[in-house]
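One structure below.
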Amino acid sequence: MIHSHVQSNGLCVIRPEGDRLTALGANAFRQEASALIDAGSNRVVIDLSAVRFVDSSGLGAIVGLLKKVGNRGEVVVCGLGDAVRQMFRVTRMERVFQIYPDADAAVAALDA
């Protein structure tokens, strides 16, 4: 499950529900977020500020959204706590994704 806010300009902020993005919910997260992309959101902010733990399935879901958007737009992440930031560092995902401190900074960067 996700909470999302879609703006009319194709920008969408997605917040995974709960404090863990793991195998248990990664598929539902990917499906719901994919539906938003299919509906026209091509600039996506994934706000992980409430997420305390991400496993490989959660990372796979996030990467899957990046692949789905492809060259039509951008996917960025924000609000990484220490454990999530460490997972991004260990898997070198910080080289793949632009990371912002919070949703406001990410939205401002994508709107620029």
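The values are calculated or read from the model by the stated rules, or taken from the named source; none is laboratory data. On a predicted model such as this, the values are computed, not experimentally measured, just so you know. Counting neighbours? That spans all protein chains shown, and the Cβs are built from the backbone with ideal geometry, glycine included. We work out accessible area using only protein heavy atoms, side chains counted, and drop any ligands, DNA or RNA first. Shrake-Rupley method; radii C 1.70, N 1.55, O 1.52, S 1.80 Å.
Quick check: is even one residue across the stretch 61-77 among the basic types (K, R) and assigned to a strand (DSSP E or B)? No, the stretch 61-77 contains no residue that is among the basic types (K, R) and assigned to a strand (DSSP E or B). Just checking, does the stretch 3-10 include any residue being more than 22 Å from A109 (Cα to Cα), of a type in the set (A, V, I, L, M, F, W, C), open to solvent by 30 Å² or more (accessible area, probe 1.4 Å) and in a strand (DSSP E or B)? Checking the stretch 3-10: not a single residue is more than 22 Å from A109 (Cα to Cα), of a type in the set (A, V, I, L, M, F, W, C), open to solvent by 30 Å² or more (accessible area, probe 1.4 Å) and in a strand (DSSP E or B). Are there any pairs with C-beta distances below 6 angstrom linking a residue in the stretch 30-42 that is surrounded by fewer than 12 Cβ atoms within 10 Å (Cβ to Cβ) to a residue that is in a helix (DSSP H, G or I), with the two at least 6 apart or on different chains, and if so which? As it stands, the answer is none, since no pair meets every condition given.
The residues in the stretch 62-83 that are over 12 Å from the mean Cα position of the chain (by Cα) and over 18 Å from G10 (Cβ atoms) can be counted, and the count is 3. For A103, work out the one condition from (1) out of contact with any Asp or Glu (no Cβ under 6 Å at 6 or more places or on another chain); (2) open to solvent by less than 60 Å² (accessible area, probe 1.4 Å) it doesn't fulfil. The one condition A103 does not meet is (1). Scanning the stretch 17-42 for residues that are modelled with pLDDT of 95 or more, outside any helix (DSSP H, G or I) and not β-branched (V, I, T) gives D19, R20, L21. Taking the stretch 12-29 as the range and being touching a helix residue (DSSP H, G or I) at 6+ places or on another chain (Cβ under 6 Å) and open to solvent by less than 40 Å² (accessible area, probe 1.4 Å) as the test, the residues that pass are C12, V13, I14, P16, L21, T22, A26, F29. The number of residues in the stretch 64-108 that are farther than 18 Å from S4 by Cα, touching a strand residue (DSSP E or B) at 6+ places or on another chain (Cβ under 9 Å) and hydrophobic (A, V, I, L, M, F, W, C) comes to 7.
Evaluating V51 against the criteria (1) open to solvent by 10 Å² or more (accessible area, probe 1.4 Å); (2) in contact with a Pro (Cβ under 9 Å, 6 or more places away or on another chain) leaves one unmet condition, (1).
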